[in-house]
Every structure is written in structure tokens, then in C-alpha cells.
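Everything below concerns the one structure shown next.
The values are calculated or read from the model by the stated rules, or taken from the named source; none is laboratory data. Worth saying up front: this structure is predicted, and the values here are computed from it rather than measured. All Cβ positions, glycine included, derive from the backbone under ideal geometry; neighbour counts span all protein chains shown. Accessible surface areas use protein heavy atoms only, side chains included; no ligands, DNA or RNA. Shrake-Rupley method; radii C 1.70, N 1.55, O 1.52, S 1.80 Å.
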Amino acid sequence: MNPRTVEDIIKDFKGRRAAIIKALTKDFEKLYKLCDPNHPNLCLYGFPNQVWEVNLPGLSGELPEPRVGINFARDVMTRHEWLRMLALHSDPWLVSIVSYVATKFSFDKADKIRLFSKIGGFPSIWEVVGGEAKKRVKIEGGGLPEEVLDEEVLSRLPVRDLLKYRSVCKMWQSLIDDLKLVSIHLKKYKNNVEESHLLVMSCSPRSTIGNERVLVRRCDTYKKVQQIQNSYAFDDWICYVDGVILVKRGEIIFQEAVLWNPSIGRSLSFPESMLKAMKDATYVELGLGYEFNSNDYKVVAIVYPRAKFIIKSLGKMYCATVPGLVQVYTLSNDSWISILGVTPPPYWNVGKQVYMNGAIHWINFGPEGTNDLLHPTKDLYVVLFDVKDEVFRYFQLPIDMKSDVEPKEKFPTNLNGSFAIFCAYDHESRHDIWVMNEYGVPESWSKCYTFTLQFDKLLHFKSNGELFYAIHGKGIKSYDINTKRVKDLAKTYSRYSKCRIYTYVESLVLLKEGKIQRPNL
């Protein structure tokens, strides 16, 4: 490729653009027949001489390639939907070629501004084809209303593609930023529905804080899919809801709280106005949840201004010496409010949480606390914070669990949509799973699973009943509680290493509110 002027690149762009528009309008029937789903991965190419071609990947040489596999989606969409999808993918491809050439030949700032200003003056292929697509809907008598169709097409795409398309034109940015699409994409995107990927955070014993690796891996093979830029020590990661991680810096002395969406690389720091009470407090517990009616996310802060720190069989515990406070942050308002008249339990046991059924759940002490710190299980409850009503509620634990031997670890979880409790007993490697068959009804508790499994660390429990665990010197494995099948995933693991796993969720939450994440320097 010879160096080019701004005019050369614009001429190249116009030729390729004209070729794609011709394929999607005048030659659409020919294009449709060529994109047989029975063929291998196919791409739609546009060339500077205004000629288009459907072929296998590789024709672009050193230039960026167009979207691969356009033929596979042809018969699972209406023609209208498929046409719009092709337009949706073609615009970013053309822009990526322009960007590649400008970078390769070291265009200066003035040339780049002139180049992209000229390019931005052309209507996008999406906009040009849109009129033709509307005509085609009338001819075929099918398809969805335009606003619904846009959301349906976009909701099928991975986040990395949506971020590219968002920069093509203001119309796309408006579509992708819309809260309705954020919600639809979260529910319908293939990976989220199938839960086929994991978010894995790990670091070796010698790694320093900030050097933790964050990878997306396949559930079945544990194969690396991508690496995600990370700026947060995962010891500070509290919970993961709808693709957003709640980060709390400072376990002993609270410093700050952050919401971070690793799939789009954006984070949101909370306003300082209401954080002073948290920074001055002995202990702060945070929880993240979603409020369905208002389509909004909330963070609850349970603040203990003065409390005694206790270490007992349950682990770390705080005993309030003055009543605790409750503060709630609402994402849409970007503000904290104090919830008057709502008091957290006087004792708080530090442990895992799960969000489901519109509430954040912990296993913790009831409103009266406990008088027996040697055998505290009898005074434990399922403590939940109702995200909509902003109040605490309490469920009794299974009676038989309270009378059993004290588990080494127990935590609330989601099992196939039902609220459940996982109990791990260290002395005999026994594990029980209790399920609340009717949510909110303590009489419906039943012990649905009991199994024996030895491991050094429990890493993750998926809602489908798949357990991920690690054994020193033997690696990382998974165990299916239904089939009892054990699968080897990674060959190495040291008990001195750190590792945490979540079911990976791609989402657009924080796309508008968050700032682009910058690496720590």
C-alpha cells in the first residue's frame, strides 16, 4: 500500500461505500442468493472501483476485515432484519479502513480532522439503506415496527460491536444508549442467556496489587476468550450484578466505592457528598441491586458508625455500639439519600451476598442480634434488603441446618431461579444445598442435594448447579451437582494464589453514566 493523501482515502471510501450500497439495494436479490447459510463463513466486500463481492475472509489483505459469517443469520431473520444487520456491520468496516490507513501513514492532527470531517459528512449506509428497507417491508408484508426492529437487531450483537457502531452516527448512539435497549440486550444477548462464559480474576502469589489478570473464559473448556483491562484489586470486589461489579476500597477503613462494568470498560465513582459518614465509620457493608419498576440500579450502604470487631467461628463480625445507618444510592439520580426509620441488625457477619427477586440477600443476624457468640448459628437469618421498598426483611433458616454441625462456609445463592443456601462442612468434605421451594416461605425449605467433594477453595457456584473449585497442585475443576460429573479445566493451582470466578455477563449498563476506564500508572 502506497502512502495516500486525504483526497485519495476519501475516493477509496466513496468507492467502497457505493459498492456496499449497490449490494444492499439494487443487487439485493443477487446478494441474498449468494449468502447461502450452507456455505462456510462469508463476508461482504466493497472495493474502490464500486464493485462488491461475497467471499471467504482474507480478501482485504492487511486491511481490516468485514463482518464474518453474514450468511449464517440469513434464514433466522426476516429479509428486512437481515438487510439492516448487513448495513449495521458495513459502516464500521468502512470507518475502520479509513482509521487504519490514517494511522499507518502517520497523518497529522490537521489531516485527521479534515479526513474524518469529510467522511462524517456522508450519510451512513444504515441511513441510506433504511429507506430501501422500509419499502421492502411493505413489499414482503412482514417485519417489525422500526423502533422495535432496531432494538431486536442490536440486542443480538456483542457489546464490542455495539461500542463500534455507537460512534458511527448520532442516530446509532441514540439507539444504543436507550435504556430500553440496555435492558433488552441484557436479557437477549446469546452469551447472557446461555451463560457460556466465565469472568475469571486471578494472580500468582508473587503478584502485587493491581497486577491481577481478568479474563473471559469458556465454561466448557476454560479456554481464554479475551483479556479485560483491570484497574481494581479484586479483594475489593463485593458483588457482580447485570455485568456491573461493585468495588469497595478499604476493608478496614472505608475509602471509596465504585461501579465498574468490565465488558464496556466504564466505571462510575459515587458523589462525595454522602461518603463522609462512611469514611468515618467503623464498618460499611455495600450491596447492589436492580429495581424493576423504575428500571434503575441502587446501591445500599449499611453503615456502622461505631462497632466492635470480633473474630469467631463464623469469621469476621461487627457489633454495633451505636445504631447503624442505611443510605441508598440511585444510579439515575446519581445521589445518596439516608433511609430514616430503617435500622440494620446490631450484629453484622461479613460474608457473601446474592441479588435475586428484587432483593439483596445475606446470611446474617436478626434484628435482635445474638446472645451466644460461641454458637451463633441459632440466631442467624436470611437478611434481605428490598430494593424497591428500601426496607430489611428476615427469613428463618432451615431448622435442621441450625441443629447441624457448624459449616465451615455457607452463603446464599441462586439455583435454577430458586433461592438456596450452600453449606460446606470442612471436617468431612460434605456439602449440602438447601432450597426454598416457595420464596419467602420458611416452611418450604428442603435439603435437595448432599454430596462429598474435597477441595482447597470453592471458586464459584453457577445457577445451573455447576460448581467450580480448586485443589492445590491439581488445578481447577468443575462439578455438576445433577450429573455428578467432574471436569478438569486448568492443570495448575496453588493455594497461595488468588482466584475468583463469576458467570460473565455482557451489558451496556453504565454506558452513558460511566467514564472510560483508564489503566493505573
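Modelled this way, with points 7 Å down the Cα-to-C-beta line, the labels at residue 177 and residue 116 are 1.7 nm from one another. Could you tell me which of rounded, prolate or oblate describes segment 319-372, using a ≥ b ≥ c as the square roots of the eigenvalues of the alpha-carbon gyration tensor, with rounded for a/c under 1.5 and, failing that, prolate when a/b is larger than b/c and oblate otherwise? Judged from the Cα gyration tensor, segment 319-372 comes out oblate (a/c at least 1.5, b/c at or above a/b). Label segment 415-521 by shape, choosing from rounded, prolate and oblate, from the square roots a ≥ b ≥ c of the eigenvalues of the Cα gyration tensor; if a/c is under 1.5 it is rounded, and otherwise prolate applies when a/b is larger than b/c, oblate when it is not. Oblate.
Among the chymotrypsin sites (Phe, Trp or Tyr not before Pro) in segment 457-500, which ones are in a DSSP loop with at most 10 other Cβ atoms within 10 Å of the Cβ? Mind listing them?
Details: sites: 461, 468, 469, 479, 493, 496; in loops: 493, 496.
Sparse-neighbourhood loop chymotrypsin sites (Phe, Trp or Tyr not before Pro): 496.
Given a cut-off of under 8 Å on Cα pairs at least six residues apart, what relative contact order in percent is computed for the chain? Could the numbers behind the result be given before it?
Working: 999 pairs, mean separation 54.3, N = 521.
In percent, rounded to a whole number, it is 10.
Taking all protein chains together and a 1.4 Å probe, the residues 443, 81 rank 443, 81 from largest to smallest accessible area. Counting each DSSP H run of 4 or more residues in the chain as -39500 (n - 2.57), what helix-only mean residue ellipticity at 222 nm follows after dividing by all residues, to the nearest 500 deg cm²/dmol? About -7500 deg cm²/dmol.
Across segment 92-108, rounded Karplus estimates of 3J(HN,Hα) from the backbone phi angles (6.51 cos²θ - 1.76 cosθ + 1.60, θ = phi - 60°) give x, 4, 4, 5, 5, 5, 4, 4, 4, 5, 4, 6, 4, 9, 6, 4, 7 Hz, Gly and Pro being marked x. Oblate is the label for segment 274-361, because the ratio a/c of its alpha-carbon gyration tensor axes (a ≥ b ≥ c) is 1.5 or higher and a/b is not greater than b/c. For the pair segment 275-310 and segment 476-499, the centres of their Cα atoms are 33 angstrom apart. Counting heavy atoms of the protein chains alone, residue 332 has an accessible area of about 80 Å² for a 1.4 Å probe.
A simple packing score, the average count of other Cβ atoms within 10 Å per residue, orders the peptides 485-491, 159-165 as 159-165, 485-491, with the highest score first.
Heavy-atom accessible area, probed at 1.4 angstrom with all protein chains present, ranks 17, 495 as 495, 17, highest first. Listed by chain and number, the lysines placed with their C-alpha closer than 18 angstrom to that of residue 22 are 11, 14, 30, 33, 134, 135; residues fewer than eight positions away on the same chain are left out.
Kindly provide the GluC sites (Glu not before Pro) of segment 1-63 that DSSP labels as loop, not H, G, I, E or B, and whose Cβ sees at most 13 other Cβ atoms within 10 Å.
Of the GluC sites (Glu not before Pro), the ones in loops of segment 1-63 whose Cβ has at most 13 other Cβ atoms within 10 Å are 62.
The gain in end-to-end length when the residue 444 to residue 68 segment is fully stretched comes to 130.3 nm, 0.36 nm per residue minus the alpha carbon separation. The amide H of residue 504, built 1.01 Å from its N in the peptide plane, has 197, 198, 199 as neighbours under 5 Å, considering only residues 5 or more places off or on other chains. Loop-resident chymotrypsin sites (Phe, Trp or Tyr not before Pro) (DSSP state other than H, G, I, E or B) in segment 265-354 with no more than 15 further Cβ atoms inside 10 Å of their Cβ: 292. Accessible area ranking (1.4 Å probe, heavy atoms, ligands and nucleic acids excluded), largest first, for 108, 36: 108, 36.
Would you mind getting me the FRET efficiency between residue 368 and residue 396? Use the beta-carbon distance for r and R0 = 22 Å, nearest 0.05. Working from the Cβ atoms, E equals 0.95.
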